[in-house]
Amino acid sequence: MNTPLKATSAPAAEAVRRFVESRVMPLAVQMDQEQEIPRILFTEMAAEGLTGLAVPVKYGGTAVDYATLGAIHEELGRGLASVQNACTVFGMVCKPLSRFGSEAQKDKWLPAIAAGEVIPAIAITEPGVGSDISKLETEAVQEDGQIILNGSKKYITLGQIADLFLVFARLNGRGVAVLVERGTPGLRINPLRGLMGLRANMLAELTFENCSVPVENLVGKIGFGFTHVANYALDEGRYTTACGSVGLAQACLEHSFHYTGERFQFGEPLRKHQLVQKMLSEMITETKAARELCAAAGRLREQGDPAAITETLVAKYHASKTAVHAADHALQLHGASGCMNGNPVERLYRDAKIMEIIEGTSQMHELQIARTFRL
Amino acid sequence: MNHEEIKQQVTEFLTRSLRTKELKDDDNILELGLVHSLFMIQLIMFIEKTFHLELEEEDLDMDNIKTVNDLVVLIERHQQTGAAFQ
Ligand SMILES: Cc1cc2nc3c(=O)[nH]c(=O)nc-3n(C[C@H](O)[C@H](O)[C@H](O)COP(=O)(O)OP(=O)(O)OC[C@H]3O[C@@H](n4cnc5c(N)ncnc54)[C@H](O)[C@@H]3O)c2cc1C
């Protein structure tokens with residue numbers, strides 16, 4: 001069940017596979033049920049280079065190429081989607097910070113994030129604004145060398161434990177991105193528990209009440225918030241979410257493959273029944289197709305081809321749908337046993353659906369794909 | 001890359017990214033309503049990878065890069081500065 005992506009990037013992905021199998025998978029049920037990733041795991045991830053994947057080497061990161069990044073996220077997604085999505089968030093903060101941040105910001109934050117000492121989060125979504133990010137309502141005012149924030153953010157991955165938030169707001173109608181440290185007066189963090197999937201992602205709602213940070217905390221110029229910084233982050237997030245979705249689909253396939261080999265009905269293994277074979281064949285084909293779309297997007301990203309952005313949209317759209325379909329088949333193939341809490345396919349089923357919502361819903365992808373093809 | 005080659009690359013990129021058949025050197029892509037939400041990140045990717053330049057924040061203001069000519073000027077200015085450092 002090895003992946004073609006691994007051929008070009010074997011050492012890093014192999015190491016991540018070993019890490020995932022020894023450190024993530026054994027804790028997956030616990031993380032899902034207790035709704036948290038233990039802090040120690042972030043330290044271990046840092047030691048594996050997983051927290052610095054989008055951090056330039058100069059700042060202590062691993063700054064891997066896109067094929068390797070894709071292969072790593074596939075391995076993480078195969079292990080636990082919550083951990084994979086946590087790494088996506090690290091990338092969504094570090095990538096734009098590396099590109100648009102000031103030298104002082106980069107010096108201060110990137111090495112600490114890569115070392116696993118600082119956990120970042122990205123705060124775009126608001127209670128009233130999800131898909132239509134150009135309508136964000138959180139307000140920023142510039143006054144006496146300070147940026148003062150008022151508003152709220154919702155569904156922020158790692159929000160419960162993050163040390164640093166990349167917050168998007170509107171200043172005189174123009175988009176801005178601002179770094180806000182945990183503990184800044186005026187920032188309130190309320191945990192959001194009871195999520196259906198990605199339960200270990202420690203989501204939070206953030207409230208900003210006259211929350212004041214130095215103007216030096218702006219990332220990029222005033223007006224760059226949405227067009228430059230947020231889009232840069234979301235594009236990166238879409239790629240790694242796509243690859244994570246492939247890993248999730250792969251996990252569904254592997255669990256189903258083994259289970260249908262061991263479970264007998266009507267005198268033979270489930271796998272020998274043609275209707276079961278149909279489901280497994282669909283999973284194999286769709287997962288391979290999704291992986292190839294991710295590989296194509298990764299190649300274009302590495303080349304800097306502008307088509308990479310659209311290919312990434314296509315890859316995320318298809319891969320997240322593949323994950324949902326594969327999880328649906330996996331659950332069906334496991335019958336009642338798959339419906340039990342603690343069975344991996346039950347978790348995969350819940351996690352898969354979230355992949356169709358984060359970093360842009362499937363509908364937003366359809367609209368964007370239609371727009372780029374001028375339909 | 002000489003002036004004409006840069007202009008050709010820029011025109012090719014813009015027509016592809018903005019999905020327009022034709023673009024004159026001084027056509028204002030903002031006024032023509034061609035710019036889509038992902039344009040800026042495509043542009044950054046294109047310039048940095050094709051011309052091996054690192055753009056400054058000031059370069060990325062849409063108001064300063066509305067035409068083929070604007071972009072060619074920007075790229076040539078960076079190439080000259082780069083050459084001066086060598
Ligand atoms: C587990 C999880 C983690 C998350 N982590 C983060 C995070 O770290 N940071 C962050 O900022 N956000 C985060 N989010 C929020 C996520 O980005 C949003 O949920 C997502 O962008 C969709 O926004 P929404 O939920 O408000 O849905 P809405 O925008 O309200 O959409 C609801 C439904 O309507 C559809 N819809 C909306 N507009 C249209 C249209 N024009 N045409 C057709 N259909 C449409 C959507 O596709 C969707 O199906 C997270 C969400 C989850 C579930």
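Yes/no matrix, rows are residues, columns are (1) without any contact (Cβ under 8 Å) to a residue 24 or more places away in the chain; (2) closer than 26 Å to B:Met45 by Cα:
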{"site": "A:Ser82", "(1), (2)": "no, no"}
{"site": "A:Thr88", "(1), (2)": "no, yes"}
{"site": "A:Cys94", "(1), (2)": "no, yes"}
{"site": "A:Gly101", "(1), (2)": "no, yes"}
{"site": "A:Pro111", "(1), (2)": "no, yes"}
{"site": "A:Ala121", "(1), (2)": "no, yes"}
{"site": "A:Ile124", "(1), (2)": "no, yes"}
{"site": "A:Val129", "(1), (2)": "yes, no"}
{"site": "A:Asp132", "(1), (2)": "yes, yes"}
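Check whether at least one residue in the range B:67-82 is open to solvent by less than 50 Å² (accessible area, probe 1.4 Å), facing chain A (nearest Cβ under 9 Å) and modelled with pLDDT of 85 or more, and report yes or no.
Taking every residue of the range B:67-82 in turn, none turns out to be open to solvent by less than 50 Å² (accessible area, probe 1.4 Å), facing chain A (nearest Cβ under 9 Å) and modelled with pLDDT of 85 or more.
Does the range A:146-155 contain at least one residue that is of a type in the set (A, V, I, L, M) and within 16 Å of the ligand (Cβ to nearest atom)? It would help to see each step written out before you state the result.
Step one: of the range A:146-155, the residues of a type in the set (A, V, I, L, M) are A:147-149.
Of the ones still in play, those that are also within 16 Å of the ligand (Cβ to nearest atom) are A:149.
There is at least one residue in the range A:146-155 that is of a type in the set (A, V, I, L, M) and within 16 Å of the ligand (Cβ to nearest atom).
Residues A:Val324, A:Val276: which one is closer than 16 Å to A:Met355 by Cα and in a helix (DSSP H, G or I)?
Numbers: A:Val276 fails: closer than 16 Å to A:Met355 by Cα.
Only one candidate passes the filter, namely A:Val324.
Determine if the range A:184-206 includes at least one residue that is within 8 Å of the ligand (Cβ to nearest atom) and in contact with a strand residue (DSSP E or B) (Cβ under 8 Å, 6 or more places away or on another chain).
Yes, the range A:184-206 has at least one match.
May I ask you to list the residues in the range B:10-19 that are assigned to a loop (DSSP other than H, G, I, E, B) and facing chain A (nearest Cβ under 9 Å)?
Taking the range B:10-19 first, the residues assigned to a loop (DSSP other than H, G, I, E, B) are B:18-19.
The one that is assigned to a loop (DSSP other than H, G, I, E, B) and facing chain A (nearest Cβ under 9 Å): B:Arg19.
Examine the range A:333-345 for a residue that is within 16 Å of the ligand (Cβ to nearest atom) and either touching a residue at least 12 places away in the same chain (Cβ under 8 Å) or not in a helix (DSSP H, G or I) (or both), and state whether such a residue exists.
Here is the first cut: in the range A:333-345, the ones within 16 Å of the ligand (Cβ to nearest atom) are none.
Checked against the condition, which is being within 16 Å of the ligand (Cβ to nearest atom) and either touching a residue at least 12 places away in the same chain (Cβ under 8 Å) or not in a helix (DSSP H, G or I) (or both), the range A:333-345 yields no hits at all.
Given the range A:49-138, what helices (runs of 4 or more DSSP H) lie entirely inside it while holding 3 or more residues that are within 12 Å of the ligand (Cβ to nearest atom) and buried (at least 24 other Cβ atoms within 10 Å of the Cβ)?
In the range A:49-138, A:81-100 are the helices (runs of 4 or more DSSP H) which contain 3 or more residues that are within 12 Å of the ligand (Cβ to nearest atom) and buried (at least 24 other Cβ atoms within 10 Å of the Cβ).
A:Ile369: surrounded by fewer than 15 Cβ atoms within 10 Å (Cβ to Cβ) and part of a helix (DSSP H, G or I), yes or no?
Numbers: surrounded by fewer than 15 Cβ atoms within 10 Å (Cβ to Cβ): yes; part of a helix (DSSP H, G or I): yes.
It is true that A:Ile369 is surrounded by fewer than 15 Cβ atoms within 10 Å (Cβ to Cβ) and part of a helix (DSSP H, G or I).
In the range A:350-365, what count of residues is obtained for those that are away from every other protein chain (no Cβ under 14 Å), more than 8 Å from the ligand (Cβ to nearest atom) and without any contact (Cβ under 8 Å) to a residue 60 or more places away in the chain?
1
Can you confirm whether A:Leu275 is surrounded by 20 or more Cβ atoms within 10 Å (Cβ to Cβ), over 31 Å from the mean Cα position of the chain (by Cα) and away from chain B (no Cβ under 14 Å)? Write out each step before concluding.
Values: surrounded by 20 or more Cβ atoms within 10 Å (Cβ to Cβ): no; over 31 Å from the mean Cα position of the chain (by Cα): yes; away from chain B (no Cβ under 14 Å): yes.
Answer is no for this residue.
As an exercise: evaluate B:Lys7 against (1) facing chain A (nearest Cβ under 10 Å); (2) assigned to a helix (DSSP H, G or I); (3) of a type outside the set (Gly, Ala, Ser) and give the number of the one condition it does not meet.
In the conditions (1) facing chain A (nearest Cβ under 10 Å); (2) assigned to a helix (DSSP H, G or I); (3) of a type outside the set (Gly, Ala, Ser), B:Lys7 misses (1) alone.
Does A:Arg170 meet the test of being open to solvent by 10 Å² or more (accessible area, probe 1.4 Å), over 23 Å from the mean Cα position of the chain (by Cα) and of a type outside the set (S, T, N, Q)? Spell out how you get there, then give the answer.
Values: open to solvent by 10 Å² or more (accessible area, probe 1.4 Å): yes; over 23 Å from the mean Cα position of the chain (by Cα): yes; of a type outside the set (S, T, N, Q): yes.
The answer is yes for A:Arg170.
Mind counting the residues in the range A:212-232 that are facing chain B (nearest Cβ under 10 Å) and in contact with a Lys or Arg (Cβ under 7 Å, 6 or more places away or on another chain)?
The total comes to 2.
Could you look through the range B:24-38, keep only residues that are farther than 24 Å from B:Glu4 by Cβ, touching a residue at least 12 places away in the same chain (Cβ under 8 Å) and within 11 Å of chain A (Cβ to nearest Cβ), and pick out the one that is least open to solvent (accessible area, probe 1.4 Å)?
That would be B:His36.
The values are calculated or read from the model by the stated rules, or taken from the named source; none is laboratory data. In this text the structure is predicted, and so the values were computed from the model without any measurement. For neighbour counting, all protein chains shown are included, and Cβ atoms are generated from backbone atoms with ideal geometry for every residue, glycine included. When the accessible area is computed, the model is the full protein with side chains, heavy atoms only, and any ligands, DNA or RNA have been set aside. Shrake-Rupley method; radii C 1.70, N 1.55, O 1.52, S 1.80 Å.
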